[in-house]
């Protein structure tokens with residue numbers, strides 16, 4: 001499985017709320033979707049999936065350096081919206097947003113969307 005395929009598969013699972021467990025991935029690292037992240041970032045991604053905003057922000061800094069993030073909640077939606085943006089010379093060049101029940105999961109989804117797009121450009 002390529003990194004892009006792993007990212008895409010993980011993205012589908014995270015959006016659906018059924019990402020693979022963290023402990024089985026440790027035992028069978030190559031056979032799980034968390035392989036999309038470097039070994040040091042896998043545990044952080046799992047924590048972000050489970051509600052840690054600190055972990056989501058650490059992951060953001062690790063995988064998308066130089067990108068910004070912001071979020072909010074629309075009065076018409078229960079879910080939280082998070083965005084990640086890449087800007088050059090003050091202009092937004094790439095932007096990905098995601099909705100989820102928690103800010104950390106929404107940010108994780110937006111990060112995965114951005115990583116899938118970046119891997120497609122490589």
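Only the coordinates and a few stated rules stand behind these numbers; no lab work does. Predicted, not measured: the structure shown is a model, and the values here were computed from it. All Cβ positions, even for glycine, are placed from backbone atoms using ideal geometry, and neighbour counts span all protein chains on display.
Taking the fewest neighbouring Cβ atoms within 10 Å as the starting point, the ordered list for 12, 63, 84 is 12, 63, 84. The order of 105, 85, going from fewest to most other C-beta atoms within 10 Å of their C-beta, is 85, 105. If r is the Cβ-Cβ distance from residue 119 to residue 54 and R0 is 25 Å, what FRET efficiency results, to the nearest 0.05? So the FRET efficiency works out to roughly 0.45. Take the Cα of residue 61, step 7 Å toward its Cβ, do the same at residue 91, and the gap between the two points is 3.1 nm. Annotation: the residues 5, 88, sorted from fewest to most other C-beta atoms within 10 Å of their own C-beta, follow the order 88, 5.
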